[in-house]
Amino acid sequence: MIVGMDGVGTTESGRRVFFVMSQAPFGGMAEKTVVAAQRCVPLPDEVDDVTAAAIANPGLSSVAALKLRAGFKAGETVFVNGATGTAGKLAVQMARFMGAKKVIATGRDAAVLRQVAGFGADVTIDLTGEPKELEEAVAEQFRGDGVDVVLDYLYGERAEMLLTTIAKNYKSPKPLRYVVIGGGSGQEITLPSAVLRAVPVMLMGSGLGSVPFRDLVGAVNDVMQAVVPAKLQIETRVVPLADVEKTWNADVGKARVVFVVR
């Protein structure tokens, strides 16, 4: 068995593709692998191999959530809860590229939040602030016209705070689409019934299962097509496959590691 779920390679015809879920036992870390054609996404010439390999998975998370789960439309406001991780930073960039009128980003790293502002976030909220100040900062975003879509990469206690604050401040009659993508601050929440009674909120998740596999592959294609026009940015670190063992558990910071078969 050779490990590796996805990667970038060249087909027998010479076309560069991103591929996912190759046929066992031929994993993506092999020199050659076998992949069904419908699990391959052709790459634009302008997108290099390393960027394509690094950006596919974190990038598709927001595209699938916005396009396939929330039914996002240009001109709407997006709230990214947990925007300082790799996927969250790309979510801000993709929301802006897809036509969001306003993007609000939260996170626990002040330095990265400043970077996220440069990626297109109109408002940033530091989740490490004092509880009352934090609640007020969040509440302000949900008053008036409020927010159309929440992309939640944190869940847990941060989602509890967010949903409770929304229940107290959201006055718009339009449905709020709340999409859970990750669990950075916990896998479970306590959800008071008052939240669901007070707000026209649609709670949903996004991932393999809630989104058909073929549509996730389509979301990868959307990401690849957006890399150049959206000027998507992702931090990467290239590592020769020979160094996989010593790299696997090493602290590589926030960079997305790409193993290269040479």
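What value does the stretch 113-262 have for Rg/Rh, both radii from Cα atoms and Rh as Kirkwood defines it? The partial results should precede the final answer.
Details: Rg = 18.9 Å, Rh = 18.4 Å.
My calculation puts Rg/Rh at 1.03.
Using the structure shown, list the pairs from Lys32/Lys67; Lys67/Lys246; Lys171/Lys231; Lys231/Lys254; Lys168/Lys231 with a Cα-Cα distance above 30 Å, or answer none.
On the way: Lys32/Lys67 33 Å; Lys67/Lys246 38 Å; Lys171/Lys231 36 Å; Lys231/Lys254 19 Å; Lys168/Lys231 37 Å.
From the list (Lys32/Lys67; Lys67/Lys246; Lys171/Lys231; Lys231/Lys254; Lys168/Lys231), the Cα-Cα distance tops 30 Å for Lys32/Lys67; Lys67/Lys246; Lys171/Lys231; Lys168/Lys231.
Enter the mean projected area of the convex hull around the alpha-carbon atoms of the chain, in nm², rounded to one decimal.
On the way: hull surface 57.9 nm².
For the Cα atoms of the chain, the hull's average projected area reads 14.5 nm².
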Chain lengthening between Thr11 and Ala139 when straightened (0.36 nm per residue, less Cα-Cα): 41.0 nm
Provide the packing ranking of 224-232, 159-167, i.e. peptides ordered by the mean count of other C-beta atoms within 10 Å per residue, highest first. 159-167, 224-232
Before rounding to the nearest 500, sum -39500 (n - 2.57) across all DSSP H runs of length at least 4 in the chain and divide by the residue total; then give [θ] at 222 nm in deg cm²/dmol. -10000 deg cm²/dmol
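Coordinate-derived values only; no laboratory data. Small disclaimer: the values here were computed from a predicted structure and weren't measured. Every residue, glycine as well, gets a Cβ built from its backbone with ideal geometry; the counts of neighbours run over all protein chains shown.
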